[in-house]
Amino acid sequence: MPADQPPEVDLYCERITANLFDEPLGLSTNLAFLVAAWALARDRGANHAPQWMLITWLTLIGLGSGAFHAYATKMTLLLDVIPIQGFILTTIWILYRTHLGLSRLMTLTLLSVFVVVSALIPTHILWGSVGYIPAWGLLILAALLHAPGPVQRDLGAAAALFGISLIFRSIDGPLCSQWESGTHFLWHLCNALVLYWIVRATQRHRRAERLPVGDAFSDGYTSAQQRITDDETR
């Protein structure tokens, strides 16, 4: 393959040719997703089906994005995009259905609206970063609506860092002439921590749901436990 042949999919500053491994920073920083998944998987006592599903998506994000940044083709782009969307949709369901207690119908409606809105957003704005705004908004809302405690703090930290992460993704193209390596690899590093905090929040919530009423664990009462306590004091 000629060294000057353009890539099949040219999205980020670091890649300038179609050659294999032409994005060393974009490729290597995907290890952060795998490290995050490994760290979360080690806490077996905090993981049930929802957590394992998120950890699986997180692992696939690292592998799929790694494949795309190793060799930018339409096929590897799908391997990159599908796990990201899977993680987002699964997270919305868990946070709004399990954490915030929305009904199945309301949660499905929320997911449907999210999918439609995301599909209607022009992909060229901010080099595609604007497509993540609906997910960011729902993460912020979930953090604001959550009961105070470590779970809320994890979600709040994830939402705050995701805003910074979006900046790194958005300025990759504009700064390309000044910084040839681009900033997309910083998007990877920040997002690995964002996704780690999200999954850890679900782990903390599951632990809290398993506590006996009145346990002084760091999360305090869950919503279900608080209702029981309120009934007992009436």
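The values are calculated or read from the model by the stated rules, or taken from the named source; none is laboratory data. No experiment lies behind these values; they were computed from the predicted model shown. Note that we place each Cβ from the backbone using ideal geometry, even for glycine, and neighbour counts take in every protein chain shown. SASA here: full protein model, heavy atoms, side chains in, ligands and nucleic acids out. Shrake-Rupley method; radii C 1.70, N 1.55, O 1.52, S 1.80 Å.
What residues of the range 79-94 lie in the reach of a label at W52, counting those whose backbone N is under 18 Å from a point 7 Å from the Cα along Cα→Cβ?
87, 90-91, 94
For the range 59-178, what is the accessible area per residue in Å², given a 1.4 Å probe and the full set of protein chains?
Each residue of the range 59-178 exposes 49 Å² on average to a 1.4 Å probe.
Between L77, L105, L27, find the one with the highest GNM mean-square fluctuation for the chain; connect C-alpha pairs within less than 10 Å.
L105
Using a Gaussian network model of the chain whose springs link C-alpha atoms within less than 10 Å, name the residue from C190, C13, C176 with the highest mean-square fluctuation.
C176
Could you give the angle, 0 to 90 degrees to the nearest 10, between helix 184-209's Cα long axis and the longest principal axis of the Cα atoms of the chain?
Helix 184-209 sits at roughly 20 degrees to that axis.
Return, in residue-number order, each cysteine of the chain whose C-beta is not under 4.7 Å from any other cysteine's C-beta.
C190
Quick one: compute the contact order of the chain, relative version, from alpha carbon pairs under 8 angstrom and 6+ residues apart, as a percent.
Relative contact order of the chain: 21 percent.
Tell me the accessible surface of M75 in square angstrom (1.4 angstrom probe, heavy atoms of protein chains only), to the nearest ten.
For M75, the solvent-accessible surface is approximately 130 Å².
Given that just one value was derived from the coordinates, which of (i) 53, 34, 30; (ii) 67, 49, 30; (iii) 77, 37, 30 is Cα extents along the principal axes in Å?
Given (i) 53, 34, 30; (ii) 67, 49, 30; (iii) 77, 37, 30, the calculated one carries the label (iii).
Ignoring ligands, DNA and RNA, please state the percent of accessible area on the chain from carbon and sulfur, probe 1.4 Å.
The computed percentage sits at 68.
According to a simple spin-label model (label point 7 Å from Cα along Cα-to-Cβ), what is the distance in nm between S28 and L105?
Simple spin-label model gives 5.4 nm for this pair.
Assuming a ≥ b ≥ c are the square roots of the Cα gyration tensor eigenvalues, decide whether the range 63-115 counts as rounded (a/c under 1.5), prolate (otherwise, with a/b larger than b/c) or oblate.
Prolate, because a/c is 1.5 or more and a/b exceeds b/c.
For D10, D43, write out the residues from largest to smallest accessible area, computed with a 1.4 angstrom probe and no ligands counted.
D10, D43
So what is the calculated 222 nm ellipticity per residue for the chain, using -39500 (n - 2.57) for each DSSP H run with n of 4 or more, over all residues, to the nearest 500 deg cm²/dmol?
Per the formula, -21000 deg cm²/dmol.
R0 = 25 Å: FRET efficiency of T17 with S118, Cβ-based, nearest 0.05?
Given R0 = 25 Å and the Cβ-Cβ separation, E is 0.20.
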